[in-house]
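> The structure is given below, and queries will be raised subsequently.
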Amino acid sequence: MLYIFLFLFFVFLQYYGAIGRIEKRQPNLGPVSKKEELAFLDGTYKKLAIKQAVLGSLIYTLIVYFIISLF
C-alpha cells in the first residue's frame, strides 16, 4: 500500500513538473528536447508528460523499494 501511494505521489509531482518544463513555465527544470517541442506544437505534450512521469515514478519507487528491502 505504501508503494502504491508513493508511486502515485511521484507521478503527480513529475507530471506537473514535466508540463511546466515543456510549456517553459519553469525554466530551471532543464532543457526541452526536440521531441518535446514537437509534441508541444502538435498538442500531444500532455500524453508525453504522463509517459515520462510514469516511467520516472516507477524507477524512483523501485529505488525506494530496494533501499527498504535491504534494511
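> Regarding segment 28-36, can at least one residue be identified that is outside any helix (DSSP H, G or I), among the β-branched types (Val, Ile, Thr), surrounded by 11 or more Cβ atoms within 10 Å (Cβ to Cβ) and more than 14 Å from the chain's Cα centre (by Cα)?
Checked against the condition, which is being outside any helix (DSSP H, G or I), among the β-branched types (Val, Ile, Thr), surrounded by 11 or more Cβ atoms within 10 Å (Cβ to Cβ) and more than 14 Å from the chain's Cα centre (by Cα), segment 28-36 yields no hits at all.
> Hey, does segment 2-14 have a residue that's without any contact (Cβ under 8 Å) to a residue 60 or more places away in the chain and on the phi > 0 side of the Ramachandran plot?
Going through segment 2-14, the residues without any contact (Cβ under 8 Å) to a residue 60 or more places away in the chain turn out to be 2, 4-14.
Still in the list and also on the phi > 0 side of the Ramachandran plot: none.
No, the conditions are met nowhere in segment 2-14.
> Looking only at segment 37-52, filter to residues that are of a type outside the set (A, V, I, L, M, F, W, C) and farther than 15 Å from Leu13 by Cα; which one of those is surrounded by the most Cβ atoms within 10 Å (Cβ to Cβ)? Even if it seems obvious, please write down each step before you answer.
At the first step, the residues of segment 37-52 found to be of a type outside the set (A, V, I, L, M, F, W, C) are 37, 42-47, 51-52.
In the following step, the residues that additionally are farther than 15 Å from Leu13 by Cα were identified as 37, 42-45, 47.
Values: Glu37: 13, Asp42: 10, Gly43: 8, Thr44: 11, Tyr45: 21, Lys47: 11.
This residue is Tyr45.
> Can you tell me which residues in segment 9-27 are open to solvent by less than 100 Å² (accessible area, probe 1.4 Å) and part of a helix (DSSP H, G or I)?
Phe9, Phe10, Val11, Leu13, Gln14, Tyr15, Gly17, Ala18, Ile19, Gly20, Arg21, Ile22
> Go over the candidates Leu55, Leu6 one by one and state the one that is open to solvent by 90 Å² or more (accessible area, probe 1.4 Å), out of contact with any Leu (no Cβ under 7 Å at 6 or more places or on another chain) and of a type in the set (A, V, I, L, M, F, W, C). Spell out how you get there, then give the answer.
Values: Leu6 fails: open to solvent by 90 Å² or more (accessible area, probe 1.4 Å).
Selected residue: Leu55, the only one of Leu55, Leu6 that is open to solvent by 90 Å² or more (accessible area, probe 1.4 Å), out of contact with any Leu (no Cβ under 7 Å at 6 or more places or on another chain) and of a type in the set (A, V, I, L, M, F, W, C).
The values are calculated or read from the model by the stated rules, or taken from the named source; none is laboratory data. Given the structure is predicted, the values throughout are model-derived calculations rather than measurements. Neighbour counts are summed over all protein chains in view; Cβ atoms, including those assigned to glycine, are modelled from backbone coordinates with ideal geometry. Side chains included, ligands, DNA and RNA excluded: accessible areas come from the protein's heavy atoms. Shrake-Rupley method; radii C 1.70, N 1.55, O 1.52, S 1.80 Å.
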